[in-house]
Amino acid sequence: MTLFVFDFDGVLFATDRECLAIAYRAVRELPAAWAEPYRAAEAPTPEVERAFLEHRHRVGPPWQYAVLLRAISERSLPATTEEFLARAAQLRAELEPFTERYFAARAVLAADRARWLALVTPFPEPTLEFARLHARGAAAILSTRDDASIRLLCAHYLGVELGPGALLPRSGPREKWEILLETAAARGLAPGEVFFLDDYLHHALPAHRRGIAAHLAGWGYLGEGDAEAALTAGMPCLQLPDLGAALAAHEGTAKETRT
């Protein structure tokens, strides 16, 4: 048996504008001086929105949205993802608790169900493949997003009620590669039998280096040079037309290995 593990944001669903709405709402509650411009305006200015969407691909776990909005406020946007992650590491102790504020802000936004749903759009091909594999008990989601919103969006847009084992433990507190290796071992699978699809290079590449069949989702929130870095490391970068064939090829290879 094989397992197909999908990231959520940027792989199954386009959520950048939802993330902006939530992060902005949550940051306005912070007492920090750098958040004052956000407290003064109920909605992001066009400049803030443009900068957030342009640099959203640098963010991993939700607390890093606070790092991004702080950089925008202070007009100190890092030039590369590596610089952003170095800045995030410096601010982690201060801003990691922002995750809970972020999830609470999502719950408030989601209370207006129509408004919330309008900010999230499924990618047709990946969600169709996920639903097909989920029906066979062969698919799971591994995300930094909260479980409740994942379940609600899958039920609303896909008509899928996530079954047992279809939602892996939330990453963020732990690295995705750790969760993937643990999941593989618990299910009696070799790391290479786990197909993993993520649009964040810093999640996909460490999994690839540990033997997971990791792939970079080229339609997601990729940064400059991410696809090239993936290919240089020997990790495939898929485009939407390639997805079905890649899933079938992985399943075929796994069957040959088992026999």
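A few comments on the model shown:
- Of the residues making up the stretch 196-213, those that are in a loop (DSSP other than H, G, I, E, B) and not β-branched (Val, Ile, Thr) number 4.
- Residue in the stretch 133-154 that is without any contact (Cβ under 8 Å) to a residue 40 or more places away in the chain, on the phi < 0 side of the Ramachandran plot, in contact with a Lys or Arg (Cβ under 8 Å, 6 or more places away or on another chain) and crowded, with 16+ Cβ neighbours inside 10 Å present: no
- From the list Leu189, Leu128, Leu216, the one residue that fits, being at pLDDT 95 or above and part of a helix (DSSP H, G or I), is Leu128.
- Among the residues of this structure, Arg136 does not count as one that is in the same structural domain as Phe103 (by TED's automatic domain parsing) and over 25 Å from Leu205 (Cβ atoms).
- Of all residues in the stretch 200-218 being in contact (Cβ under 8 Å) with a residue 40 or more places away in the chain and crowded, with 21+ Cβ neighbours inside 10 Å, the one that is nearest to Leu238 (Cα to Cα): Ala217
- Checklist (1) under 25 Å from Thr81 (Cβ atoms); (2) modelled with pLDDT of 95 or more applied to Pro173, failing item: (2)
- Subset of the stretch 62-103 (residues that are in a loop (DSSP other than H, G, I, E, B), of a type outside the set (A, V, I, L, M) and surrounded by fewer than 21 Cβ atoms within 10 Å (Cβ to Cβ)): Glu74, Arg75, Ser76, Pro78, Thr80, Glu96, Pro97
- Complete set of residues in the stretch 89-133 that are under 19 Å from the mean Cα position of the chain (by Cα), charged (D, E, K, R) and assigned by TED's automatic domain parsing to the domain that holds Ala246: Glu125, Glu129
The values are calculated or read from the model by the stated rules, or taken from the named source; none is laboratory data. For clarity, every value in this text was computed on a predicted model and none was experimentally measured. Quick reminder, even Gly has a Cβ in these numbers, built from the backbone with ideal geometry, and neighbours come from all protein chains shown.
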